[in-house]
């Protein structure tokens with residue numbers, strides 16, 4: 001098997017199977033948690049739960065990532081704050097607003113959208129990769145993060161890092177033949193897709209649960225979340 | 001020790017509410033930056049995320065594929081007796097369940113409640129610190145963890161009535177408002193009882209104390225035991241319902257308010273006709289409606305700051321009332337600490353911590369953050385609306401030899417009542 005056939009395999013059948021596992025796995029995780037049951041809260045509310053939810057999303061999505069002093073965590077933990085924020089920004093910019101990725105979405109969803117110019121995506125991706133390296137270093141040195149980091153956390157890091165770095169090298173046509181890098185990029189994406197439902201990378205889905213709960217809990221007490 | 005009982009409790013606690021939040025955690029460790037015990041000591045195990053670890057392990061091992069795989073290949077192990085002992089020291093000694101961590105969590109996880117669930121498991125397994133367990137036992141037998149028996153209660157009330165020359169209705173029939181004191185007030189801050197009485201009398205409230213519902217403190221809630229929490233709540237609520245009062249007022253006690261206002265409804269039936277409120281809310285209501293008049297500027301000398309209690313302000317929502325009152329009593333003297341309101345730093349004595357002798361060193365260490373905060377304001381008086389905080393402040397003041405005046409909000413209001 002040469003690299004061209006391998007590329008066809010990784011971006012064709014393997015990608016489709018991985019995507020199915022990803023979607024099926026996440027659906028399973030979602031249903032599993034939802035079916036565990038939800039006890040209603042009978043305590044009469046003091047404030048509006050809905051207002052709490054609205055405020056917490058506003059803070060969580062818009063203010064928290066961009067105006068660090070709102071939560072005063074910036075002074076205490078600037079590395080996690082900056083590197084964590086930059087990583088997510090670069091990641092979402094690349095997979096949603098990078099032209100090649102948008103085309104993949106278009107082939108899957110049937111519609112596309114405007115994208116960012118390559119140099120901007122490229123710089124954000126580079127920043128994202130640098131942030132990941134900083135985060136790994138931080139996880140290895142900070143005493144609390146060492147306590148919180150097991151094999152699963154390291155594997156999460158690696159399996160996200162590989163698609164990012166192969167994608168970046170590929171865009172710049174460095175070191176290897178294009179088909180080789182493209183195949184490796186697709187292979188790493190496929191592996192990641194299969195891994196996500198088994199790992200904590202699934203937090204992007206449960207974020208909406210915890211954020212909503214946060215808003216409800218603070219809102220019902222009449223406290224700004 | 002009955003580890004299986006802890007495990008069973010964790011499993012029982014784990015509905016979608018708990019599971020979805022455990023699933024959302026990315027183990028970023030940001031919550032540690034909000035925790036006064038972690039900040040004061042730097043002990044990684046005191047990070048809120050680590051306090052919840054036991055619950056997460058139980059959840060994953062029992063409910064998730066990855067948890068079962070981890071267990072099978074030896075990355076994770078069954079929860080052991082040793083784990084329970086360790087976590088007992090993390091969640092009882094080094095946590096006041098103040099829930100500030102939930103405010104800095106990027107995912108917004110309600111860590112305080114999850115830590116309370118860990119306590120529930122440990123309580124079922126009987127791994128509660130000895131001092132706390134003894135206090136619970138005392139409350140079961142004597143009706144109060146601080147030795148406030150029926151006789152002591154009656155004696156103290158009689159003494160307050162005489163010494164402060166104030167009318168204190170007890171077991172008054174037809175009363176609309178039932179006030180339940182905490183034994184901290186009765187035993188340590190009796191002036192607070194007089195203050196409550198003066199304010200309610202001035203407002204023309206048809207109120208009473210009860211000899212049956214006489215202890216608002218709930219050490220079962222500290223412990224995390226549902227059965228003890230319910231037992232102590234019922235002693236108050238059954239009496240309130242039997243008397244047919246419309247309103248139940250919790251005096252300056254934080255966790256008791258948390259238990260009654262937010263938890264009780266989910267443990268027992270409470271009629272809609274019974275309103276449960278905190279004295280801080282009531283003071284705000286009296287001032288706003290003009291039912292009591294205050295001497296403006298009655299405390300306007302020096303600098304006065306307000307300490308926000310985690311269960312009354314951050315978790316109770318009575319954030320504006322103290323400001324409203326202090327802006328009348330101390331328009332020039334009142335200064336805010338930073339951070340304040342819902343983001344305030346906890347005093348370090350709540351959640352039962354002050355009752356655990358072994359926790360003293362870290363309790364004092366955490367209080368140093370508070371000292372720092374107060375010093376930055378230049379205040380010479382610290383006011384609060386929680387007797388547990390007040391106990392911590394009074395004790396901390398002595399321990400660190402601080403030149404502060406500690407005051408309660410109700411007491412200030414009583415002292416500033418216009419004739």
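The values are calculated or read from the model by the stated rules, or taken from the named source; none is laboratory data. Keep in mind that this is a model prediction, so the values were computed, not measured. A quick note on method: Cβ atoms are made from the backbone with ideal geometry, for glycine too, and the neighbour counts reach across all protein chains shown.
Structure summary
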| item | result |
| --- | --- |
| Condition met for residue B:88 (farther than 19 Å from residue B:109 by Cα, within 30 Å of the chain's Cα centre (by Cα) and either surrounded by fewer than 23 Cβ atoms within 10 Å (Cβ to Cβ) or at pLDDT 90 or above (or both)) | yes |
| Segment A:208-225: number of residues that are facing chain B (nearest Cβ under 7 Å), in a helix (DSSP H, G or I) and either over 21 Å from the mean Cα position of the chain (by Cα) or farther than 12 Å from residue B:108 by Cβ (or both) | 1 |
| Wholly within segment A:110-207, helices (runs of 4 or more DSSP H) carrying at least 2 residues that are without any contact (Cβ under 8 Å) to a residue 12 or more places away in the chain | A:118-141, A:143-148, A:151-171 |
| Any helices (runs of 4 or more DSSP H) falling wholly within segment B:136-221 and containing at least 3 residues that are within 22 Å of the chain's Cα centre (by Cα) and crowded, with 21+ Cβ neighbours inside 10 Å | B:183-188, B:190-202 |
| Pair list, Cβ under 7 Å, 6 or more apart: segment A:1-17 residue more than 11 Å from residue A:187 (Cα to Cα), other residue in a helix (DSSP H, G or I) | A:3/A:179; A:3/A:180; A:3/A:183; A:4/A:179 |
